[in-house]
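What follows draws every value from the coordinates through simple rules; no lab data is involved. Please read these numbers as outputs of a predicted model, since none were measured by experiment. All Cβ positions, glycine included, derive from the backbone under ideal geometry; neighbour counts span all protein chains shown.
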Amino acid sequence: MNPPVPATPLIVADSPAQPTPSAEPLAPPHAGPAGQPLLSVRDLVVRYGTTTAVDGVSFDIHAGETVGLVGPSGCGKSSTAAAVLQLRRPHSGEVRFDDVDLTALDERQLRPVRQRLQPVFQDPYGSLSPRRRIRDQIAEPLRLHGRWSHSAGPRRVAELLDMTGLNPALGSRFPHELSGGQCQRAGIARALANTPRLLILDEPISALDASLRAGILNLLLDLQDGLGLSYLFISHDITAVRHLSNRILTMRDGRLVR
Amino acid sequence: MVRGVSFDVHTGEVLALTGESGAGKSLTARALLGMLPREATTDGTVLLRGTAVTPADRGRRIAFVPQDALSALSPVHPVGEQIALALRSVQGLSRKDARSRAQRALAEVGITATASRAHPHELSGGMRQRAVIALATVNTPDLLIADEPTTSLDPATQDTVLTLLRERCTATGASLLLVTHALDAARSHADHIAVMYAGTLTEYGPTDHVLNRPLTPYTTALLASLPTADTPPRTRLATLPGRPPTPGETTAGCAFAPRCPQATDRCHTQQPEPRSLDNRIITCHNAALETP
């Protein structure tokens, strides 16, 4: 196994045009549990054409830890999330998850990893298919990864609904028959189907009404305590980020700042 | 959709109109502006400095700052020219006077002479919103209505723009009706606050009283569900059961009764009427002053 990557000199070798990252914006203090990080991002660079959206970002997330990511719109938060998930392949840098560099894997090799690394998005309706019942959408990841059986499958779906605070009877509904808060819970239930270790939460409460936000924040805290999940929590809502996170990273113009 | 809403905006003050989405904030604001959709019907009165508002007052005595600055500005004219045009059409200034007044109005919101020759798409979101504030205040309205004026801006820019908005209102003597869902923005910028739920005005009064010592169960529950700087990290927050009603959904009793921890039989069967309590207006059967 490779030793953890040292967090010091950080100039991206294959992009000499990149300015050197400033003094020591990287390797945040290890407030989380000691030992091997679950996720270790090093020198991440994401580009869209000639625009550099993420410019040499490095951070760790340990098991059971929540790391908040804040910053103004357009600073590269969501691009960082997409690159960690390998939904957008980074230009350069390393995304080491469970000690495997995801940037070196092809789509087929990423499949099993994606069971353990799951996204939850902002728009609760947009992240579900409008034409399929909630229970089928939660069952889909189980089917895709060969974990579906006629007896255990429906039981697992009911368990997931219950775990996220939804009455299992709601499984037969379509997304438009649920409230925004309920859809967001269904999206979380689907993300949890294959027992992930890390959830990438990209503005998970921004589209919700004030009186429903607290319920989702409580749910995230309960799930973390019960399942030992780690979170990368991206939000504009600084009080919510402070409430949930062990550590907070601030981004500006594609870089982490103090 | 909105019923029995009454409030005052005092001369020179800031009133925040808050509530969750669908509570009727924007609809109330648009009713004051006469900008309701054609199928809407209204009942009730709007008095501006003691007299009923006429259509001619709108745009002169009542000005509007929308959420999306691009929709308030013409895309094909430089911002300076648009403000000059407003001055010429309302105050009848000459071309030359209007141009110099427009320049001054833009300087007051921090837009340089060079930027005043820019078209809206060449400016950042914050700059555009500044230009709209200059446009809205240049003809010294009595009342300025701003509907979520900073929601599409960065959190860092939001406070700057709200502070500027308040400053320009003070400088021109306008009262400000600030429609916002953000209670922290209301807390730092408004003298009075009106909290709406499902088309009714739940609680209206001085901002610090309402937010520090709410009298109605809805305001209390809403405040309890929001983490603040003082909330210990990772504690579970107070939640409300159920969901806000869909706009237009009606109930026999109080609209909040299905979610209210203090609801009685009366709350489910009889709609509460707005009444005065302490220095507030509340719409709730149960709210009462705590006896010391």
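Points worth noting:
- Around B:Ser94: net Lys/Arg minus Asp/Glu count, Cβ-Cβ under 12 Å: +4
- For the pair the range A:70-135 / the range A:139-183, the C-alpha centres are spaced 21 Å from each other.
- Computed from the Kirkwood radius of its Cα pairs, the Stokes-Einstein diffusion coefficient for the range B:201-246 at 10 °C and 1.306 mPa s stands at 132 µm²/s.
- The range B:11-67: trypsin sites (Lys or Arg not before Pro) in DSSP loop, at most 16 other beta carbons within 10 Å: B:Arg38, B:Arg49, B:Arg60
- Check: the range A:132-195 dipole with +1 on Lys, Arg Cβ and -1 on Asp, Glu Cβ, in debye: 120
- Between A:Pro175, A:Pro154, A:Pro90, the Gaussian network model of chain A with springs among Cα atoms under 10 angstrom shows the greatest mean-square fluctuation at A:Pro154.
- Once the Cβ-Cβ distance of A:Glu140 and B:Ser94 is raised to the sixth power relative to R0 = 51 Å, the FRET efficiency obtained is 0.15.
- Considering every alpha-carbon pair of chain B, the percent of pairs per 10 Å bin, from zero through the bin containing the longest distance, is 6, 26, 32, 22, 11, 4, 0.
- On Cα atoms only, tilt of B:125-137 relative to the major axis of chain B in degrees: 80
- Nearest-ten-degree value, helix A:180-192 long axis tilted from longest Cα axis of chain A: 70
- From the C-alpha gyration tensor of chain A, square roots of 5λ in Å: 32, 20, 17
- The eigenvalues of the Cα gyration tensor, multiplied by 5 and square-rooted, give the range B:1-86 an equivalent ellipsoid with semi-axes of 25, 17, 14 Å from largest to smallest.
- On Cα atoms only, tilt of A:210-227 relative to the major axis of chain A in degrees: 80
- Taking B:Thr28, B:Thr137, B:Thr112 in turn, the Gaussian network model of chain B (Cα-Cα springs below 10 Å) assigns the largest fluctuation to B:Thr112.
- Percent of C-alpha pairs per 10 Å bin, the protein assembly as shown, short to long: 3, 16, 23, 23, 19, 12, 4, 0, 0
- Considering only B:Asp184, B:Asp68, B:Asp142, the mean-square fluctuation computed in a Gaussian network model of chain B, springs between alpha carbons under 10 angstrom, is largest for B:Asp184.
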